[in-house]
Structures are given as C-alpha cells and as structure tokens.
Amino acid sequence: MSAIPLVLLPGMMCDARLFAPQIAAFGEAREVIVPDLTGACTMQALAAAVLSEAPERFALGGLSMGGIVAMEVARQAPERLAGLALLDTNPLAELPEKQAGRAQQIERVHINGLAAVMTEEMIPHYLADEAATPDLPDLCLRMALDLGQQAFANQSIALRDRPDQTGTLKALSMPLLVLCGRHDRLCPVESHQLMHALIPGSTLEIVENAGHLTTLERPNETNAALARWLETL
C-alpha cells in the first residue's frame, strides 16, 4: 500500500466497530489503524500512546473523544501528521458543571452496572433518529460492555481533565476537515463552526440527518467527505 496510513480514534466506549464503514471504504487503498483509547486517564498519555504505535507519518481522524485525543496528538507532534479530520468533537476544556458529574457517573457504573448507565444516560443522546438506525443502540452497548468499567472510568477522567485546544488548532497548517452531524446534541454544530474559524484553510462539512455518530448514521456522506479530505493530502 503506497497511500499514507490512516489512523482513526474512536469515541468514548467505542472501538473499531465505530469505523467499520470507513475501514471497508478506505482499507484496500491504505492501511487503516484504530488504536485502543482505554489504557490511560489523561489525554496527554493517550496521545503519547497513539504516537508510540502509529507510523512515522500518517493521516489522523477522530470522533468525539477520539477527536479530543487527536487534537492532543496534533499538539504533541504536528510534524507527523499529513492531515487531520475532527468529527463530532469539542476543542474546549470541560465545563465545571459537567466535570462535577463525572465522579458520580463513575460511581453509578459501579453500583448500577455499565449497561444501565449506557442505556439510560449515554446512548439516548447519540443518534439523530433511532428509528432510522435501530441496530446502532445495541452496537453501542456491545462496544461499551466489551471495553468494560475500567475503560469507562479512565475515559471519564481523561475527558474531565482535558485541556483547551483552541491554541493548538490556531497553529495548525495541514489539510484539515471539520465534520459533524446536523443534529449532534453532544458536540453541536456551533463547536465545529468555532473550530473551522480557528483553523486557517479548514473545510467544514455538516452531515444532514445525523447526530453524534456520523460514521455509522450516515456512512456514505461521511465517507465522501473523508475521501475529499484524503485526496488533498
């Protein structure tokens, strides 16, 4: 494979299944790598782990928490990135009111179980139209249960303590895609308009009829945007 490798970073409590349509679409032309993001509880350590395992130079995409880790990768080693795609994510530090609830949510996982917290508190916010994608809630739950309670705690702490990355974005000069679902309730369009404004020369793509999981909800549209971005590398 002569095309530059593509590293994709999954969102909270997700794994490579989040990017199944992208692996299918791009995996024949280039190596597609989906690292594990469960082994540390800081964005800095997660990004360092990604860099330690990634090819020397690669294209990087991340969705949600994966996008936050991707921004930290770009802060630590921008020279290794051929391009960056930020999907359904947020460049800002976590708000104090959200930070305060992380410990309680981790405790609820211990008391009530991971499945209960995922199905009652997390997954209902993911999709624009659950009726249109009825298999996705179960897939999200299966990914979460496969990763387990410790992963939930580690990722919750990393999200709670994440740094603001607006300065990182302002300094980037590479092909950069900013993409989100029109109906993303967790990382709304406004967050992506902010990132687009911060990054000179970036491309903003808003996927209609999609929520937080654009890669699975609208794979054709998302893949088309990713293909256009990859062509600019």
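When the chain is described by a simple charge dipole with +1 on each Lys and Arg Cβ and -1 on each Asp and Glu Cβ, the residue from Pro163, Asn90, Leu114 located farthest towards its positive end is Pro163. Counted by Cβ distance under 12 Å from Pro163, the other residues give a net charge of -1, where Lys and Arg count +1 and Asp and Glu count -1. As a length-normalised measure over Cα pairs under 8 Å and 6 or more apart, the relative contact order of the chain settles at 24 percent.
Please give the FRET efficiency for Ala93 paired with Ile4, using the beta carbon to beta carbon distance and R0 = 30 Å, rounded to the nearest 0.05.
0.45
Rounded to the nearest 10 degrees, the angle from helix 96-112 to the longest Cα principal axis of the chain is 60 degrees. In this structure segment 158-233 gives 44 Å² per residue of accessible area when probed at 1.4 Å with all protein chains present. At a probe radius of 1.4 angstrom, the accessible area of segment 1-138 per residue rounds to 42 square angstrom. The distance between label points at Glu56 and Ala103 comes to 4.6 nm (points 7 Å beyond Cα on the Cα→Cβ vector). Split the accessible area of segment 89-186 by element, probe 1.4 Å, and carbon with sulfur accounts for 53%.
Relative intensity of segment 42-191 on a log10 scale, I(q)/I(0) at q = 0.09 Å⁻¹, equals -0.31, per a Debye sum over C-alpha point scatterers of equal strength in the absence of solvent. Over all other residues within a Cβ to Cβ distance under 12 Å of Ala16, the charged ones net out to -2, with Lys and Arg as +1 and Asp and Glu as -1. Whole-percent P(r), segment 1-97, all Cα pairs, 10 Å bins from 0: 17, 53, 26, 4, 0. Shape verdict for segment 107-230, please, from the Cα gyration tensor: rounded (a/c under 1.5), prolate (a/b greater than b/c) or oblate. It comes out oblate by the Cα gyration axes. Residue ranges 7-19, 130-142, 193-205 sort as 7-19, 193-205, 130-142 when ordered by packing (mean number of other C-beta atoms within 10 Å per residue, highest first). Computed from the C-beta positions of Glu231 and Leu145 and an R0 of 35 Å, the FRET efficiency is 0.40 to the nearest 0.05. Think of each Lys and Arg Cβ as +1 and each Asp and Glu Cβ as -1; about the Cα centre, that makes the dipole of the chain roughly 480 debye.
Sorted on the mean count of surrounding Cβ atoms within 10 Å across their residues, most packed first, peptides 68-74, 88-94 read 68-74, 88-94. By how many degrees, 0 to 90 and rounded to 10, does the Cα axis of helix 136-147 deviate from the longest principal axis of the chain? Value to nearest ten degrees: 80. Taken along the Cα-to-beta-carbon direction at a fixed 7 Å, the label points for Gln76 and Glu190 span 3.2 nm.
The values are calculated or read from the model by the stated rules, or taken from the named source; none is laboratory data. This one's a predicted model, so the numbers in the text were calculated from it and none came from an experiment. Heads up, the Cβs are rebuilt from the backbone with ideal geometry, glycines too, and the neighbour counts pull from every protein chain shown. Just the protein is used for accessible areas: all its heavy atoms, side chains included, with ligands, DNA and RNA removed. Shrake-Rupley method; radii C 1.70, N 1.55, O 1.52, S 1.80 Å.
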